[in-house]
Amino acid sequence: MSSNVSRRVMLRGTAAAAAGVALLATGAQAVGNTGHATTEDHTGHGGHGGHGTGPAAFDEVYKGRRIVGKPVTSGEHAAHGGFAVTIDGKELHVMRNGDGTWISVINHYQVFPEPLSLTRAAVDKLRGASLVPIQM
């Protein structure tokens, strides 16, 4: 019977250690590169503008496709830190998640740290097919 107690104690210790590692990882992620604890992205106010500059604009040719991304400066999405992305002049709908990561209609279940890597992944996923804009 003492071996059952030892197993229980070991399982509790393992579970506690795993929970501790998970908490440390979450805390380290919240501190981020600035050394200041925060639950918001660096643009401040959860992506609604603020003191930061937001994601960097880009304009490049990637695998033969022209990809452009820039902050939205007017309209409905400008007040919420919106970002406009196009592939060969056609809009790729992108969205910033609450944790600061990005998703698109092409890679909806895969998150990216910034719009540039998201757009490159969308080009890879399209495999040469044309982007068809969403009709809302």
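Just so you know, all these numbers are worked out from the coordinates, no wet-lab data involved. Just so we're clear, the structure is a prediction, and the values are computed from it rather than from any experiment. Note that each Cβ is placed from the backbone with ideal geometry, even for glycine, and that neighbours are counted across all protein chains shown.
Projected label points at Ala57 and Lys90, each 7 Å from Cα along the beta carbon direction, are separated by 2.5 nanometres. Local charge for Asp88 was computed over the other residues whose Cβ lies under 15 Å away, with Lys and Arg +1 and Asp and Glu -1, and equals +3.
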